[in-house]
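Have a look at the structure below, then the notes.
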Amino acid sequence: MEFYVTQYALTKGILKYDEHNTKSISICEDGYVNIVDTSEDWHIFKIGKDCYETVEDARRKAEHMRLAKIRNLEKKLEKLKSLTFFEEGENR
């Protein structure tokens, strides 16, 4: 069983959890997966939101996240470009 975590895709990339880097993986009935890694840290992810069972689905989600971040940054950039400053007492 392997899971591809996209929760941190924009900072750490897609993380793969499988039998090689975990002590246990358990799927809960509520759609979450509990992962205990080799350093015994617990991770809980929502399947279909934070992690995926196929690398293709994880890549699709990561790409969606990347494009959304780019759109957000472009909006911020346009706002900064249109920003003007006035001296005290000057009319706007």
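Rule-based calculations on the coordinates, nothing more; no lab input. Because the structure is a prediction, the values reported are computed rather than measured. Counting neighbours? That spans all protein chains shown, and the Cβs are built from the backbone with ideal geometry, glycine included.
Rounded, prolate or oblate: which fits segment 11-62 when a ≥ b ≥ c are the square roots of the eigenvalues of the alpha-carbon gyration tensor, with rounded for a/c under 1.5 and prolate only if a/b beats b/c? The shape class here is oblate. Computed over the chain with a Gaussian network model linking Cα atoms closer than 10 Å, the most mobile of Ser82, Ser39, Ser26 is Ser82. Which of the three applies to the chain, rounded, prolate or oblate, going by the alpha-carbon gyration tensor with a ≥ b ≥ c and a/c under 1.5 meaning rounded? It comes out prolate by the Cα gyration axes. Listed by chain and number, the lysines whose C-alpha is less than 24 Å from the C-alpha of Lys69, apart from same-chain residues fewer than 8 away, are Lys12, Lys16, Lys46, Lys49, Lys61, Lys79, Lys81. Placing dummy labels 7 Å off each Cα toward the beta-carbon, the span from Thr54 to Met1 is 1.9 nm.
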